[in-house]
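See structure below.
Bear in mind that the values in this text are calculations on the coordinates, not laboratory data. Computed from a predicted structure; not experimentally measured. No Cβ is skipped: glycine too gets one built from the backbone with ideal geometry, and neighbour counts run over all protein chains shown.
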Amino acid sequence: MTSHESSDLDRATCSAALAAFIAEVAELRRSALADPVLGRRRLVLREWQVSRLARTHADLLGSERYGQAASFFLSDLYSPKDCGERDAELERILPLMNSMLPLSGLRALLLAIEVDALSERLDVAMVHVLGEQLDGPGLKQEAYAAAYRKVGDRPGREMQVRLIGETGEALDAFAHKPFVRMALKMMHGPAKMAGLGELQVFLERGFDAFRTMRDAGEFLDLIVSRERAFSKALFAGNDLPF
């Protein structure tokens, strides 16, 4: 199953696909963190990439209209922080979410976890190529670019960018569904009592980010076009495309 089919998924199929991606992400993270050296290098890489994203999209982060959504992308959709608690919550609460969330919410989560899984796979490959270069005081842009080309996987990189856009579109649709705000407020207390605080915060932050933006079209077009151009420049041999 790929994300371009997600808009056609029924609830049962969406839930099954979400469970599969949740399991994959959890296993990828467990494997990465099982080796302290690889775990540290993975963190260095992800922090470097978040810093690069912040530079590329500095205008969006500083925008009154788009700042909240841009921050959500960096803090929740691609982040160096440990998301193990959220992974565990997702695995545990999936049956309840399937009955409580609107289908648009499940689809948004599915896309978010799918891009998470793909990003973890690509990061694992980058860590293995970069190796000891991630142990120094700072990763060089030229080293990152060379590793990016060595890993290759143009289809995977293109899918990563496309999934980011589709995740934003799904969150935007979810945020504008009637009664979603009320449902999230009703879930807040029970979710925290049930130990599901991280997941609840993720949903609330995504909802608020896209609800306040009103129309996300321009914002998503800017992110997707810039990330696509960045990837194309790296594959073309440009070590400093930002």
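Rounded to whole numbers, the Karplus 3J(HN,Hα) couplings from phi for segment 35-48 are 9, x, 5, 5, x, 5, 5, 4, 5, 4, 4, 5, 5, 5 Hz, using 6.51 cos²θ - 1.76 cosθ + 1.60 with θ = phi - 60°, and x at Gly and Pro.
Assuming R0 = 41 Å, can you tell me the calculated FRET efficiency for the pair D10 and Q141, based on Cβ-Cβ distance, to the nearest 0.05? Plugging the Cβ-Cβ distance into 1/(1 + (r/R0)^6) gives 0.35. Working note: Karplus 6.51/-1.76/1.60 with θ = phi - 60° gives segment 156-172 the couplings x, 5, 5, 5, 4, 5, 4, 5, 4, x, 5, 5, x, 4, 5, 5, 5 Hz, where Gly and Pro are set to x.
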